[in-house]
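To keep things clear, I will list the structure first and then write my remarks on it.
Nothing in this text is a laboratory measurement; each read-out follows from the coordinates by a stated rule. Please read these numbers as outputs of a predicted model, since none were measured by experiment. No Cβ is skipped: glycine too gets one built from the backbone with ideal geometry, and neighbour counts run over all protein chains shown.
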Amino acid sequence: MIKGPHRHSVYVIELDRAVLLEPRFLKANPEYNPAKPCVYVGMTGLAPAERFAKHKQGIKANRFAQLYGLRLRPDLYEYLNPMPYAGAQEMEVELAVGLREEGYGVWQA
């Protein structure tokens, strides 16, 4: 766990392309560019690696992150962290929207 007032983070998990077989994922990404990866965007008060491990273990997990999560993508989020809780809530949405606009397949819950 990160300590201090700026202890929250956003994170990005690269998803296996098998997630494209999920109708809900496809519907959320009508402009998906197959040259880009599929990702899950989240926020946490834990270290991103710890949160990813919890997804994979099924602990407070997003279904897509648990089933299709391959690895963290710090190149897409590390420069943003850490931040206060409210900032992380806002940045989670902004990061997801930005990645989707770039053609990524994105799930953000």
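Some notes on this structure:
- Residue in region 76-95 that is surrounded by 15 or more Cβ atoms within 10 Å (Cβ to Cβ), touching a Phe, Trp or Tyr at 6+ places or on another chain (Cβ under 8 Å) and part of a helix (DSSP H, G or I) present: yes
- One residue alone among K56, K36 is farther than 11 Å from V12 by Cα, charged (D, E, K, R) and not in a helix (DSSP H, G or I), and that residue is K36.
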